[in-house]
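Taking it in order: structure first as structure tokens, then the write-up.
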Amino acid sequence: MSDKVFRPFGFSDEEYDELLVLRDGVPPDLREPLKQWLLDQLTYIDYSFAFLDRDLANRLRSMTRVDLGQRANQSVDIDRLSQNLSGLRDIELLRLVDALASMHDGMPDISEAFDLSSSRWRIANVDGEWRLAERLPEGVVDATMDTIARGGKAGELLHRAFTAAYGITPNEGEAYKMAVKAVETAAHPLIEPKNTGATLGTMLAVMRNAKQPWTILLDERADHVGNNASFLLNLMQALWDGQEDRHRDGEVTLAEARTAFHAATTLVAWFTGRLVTQDQIAESR
């Protein structure tokens, strides 16, 4: 789909701005297309009549804990199924879409309806499966996926962090943990290659105690020398300190997990791209 959102005829600037706002749950103009898609996915035709596929419904109930009304030795026709879908909560409808999308080899054709309705959710390829994921600006997604693709093992861990941070059922602790591990994996060969038990904490200690400062390859003004080294260390320290469920027996919030993921994406890109160095910039040019 084009990045440019269709502007309906006669819409004022205020109406168009409202159209661009991402909406939670299942927006009203997405509900009926979503129901129709689910009906198409969940039914089979028998003598010109459509019925719920009980085997599929049972599989989905095990996957999502959503009950579509199937019972042993009882058929559910399409009218009854439509009523049952109408009674489901938004999160239950989204869980069904998420599960059914994961069974597709290609992008499900309901994807465009999510885009057109300005849904907070989009269908994306996540770890080799089509799943619902929270929408991010396209530029952010592109930069993130580029870092993941180029990051090797660190990229794989970063992808796991992305899935946990932005999937339909976020796992805050897992997202933060994978973000830290991604940075540890990316930085380890450069900072502590001989320490098999290195952590972000031990690497920070090594970097702070180094005679020659570790820094990033950005030029500095004469009156701000040392800022880049401090920025690198402070970003890594903030990521390390913020993992409350590891360091302070607390809980990580979703906002903290997502912040950690984006910080880790930057750090992984720097380390895997050889943009962190102990050499002076002038000497590297």
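What follows is calculated from the coordinates using simple rules that are stated; it is not laboratory data. Values in this document were obtained by computation on a predicted structure and should not be read as measured data. Neighbour counts run over all protein chains shown; Cβ positions are idealised from the backbone, glycine included.
Side notes on the structure shown:
- The range 100-168 versus the range 206-258: alpha-carbon centroid distance in Å: 28
- Model label zone, Val5; criterion: amide N under 11 Å from point 7 Å along Cα-to-beta-carbon; scope the range 85-124: 115-120
- More than 22 Å apart - percent of Cα-Cα pairs taken over the range 138-284: 39
- Cα convex hull of the range 13-134, projected area averaged across orientations, nm²: 8.5
- Sequence of Glu134, Glu220 once ranked by neighbouring C-beta atoms within 10 Å, starting from the fewest: Glu220, Glu134
- Gyration tensor over the Cα atoms of the chain: the corresponding equivalent ellipsoid has semi-axes (square roots of 5 times the eigenvalues, largest first) of 46, 22, 15 Å.
- In Hz, Karplus ³J(HN,Hα) per residue of the range 49-62 (6.51, -1.76, 1.60; θ = phi - 60°; x = Gly, Pro): 10, 9, 9, 5, 6, 5, 5, 5, 4, 5, 5, 5, 5, 5
- Relative packing of 140-151, 71-82, which averages over residues the other C-beta atoms within 10 Å, highest first: 140-151, 71-82
- Ser230, Ser111, Ser62 arranged by Cβ crowding within 10 Å, fewest neighbours leading: Ser62, Ser230, Ser111
- Scanning residues 5 or more positions from Arg23 or on other chains, those with amide H under 5 Å from its amide H are Ser119, Arg120, with H placed 1.01 Å from N in the peptide plane.
- Point-charge dipole on Cβ atoms (K/R +1, D/E -1) for the chain, about Cα centre, debye to 20: 1000
- Each of the peptides 259-270, 6-17 was scored by the mean count of other Cβ atoms within 10 Å over its residues; in descending order, highest first, they stand as 259-270, 6-17.
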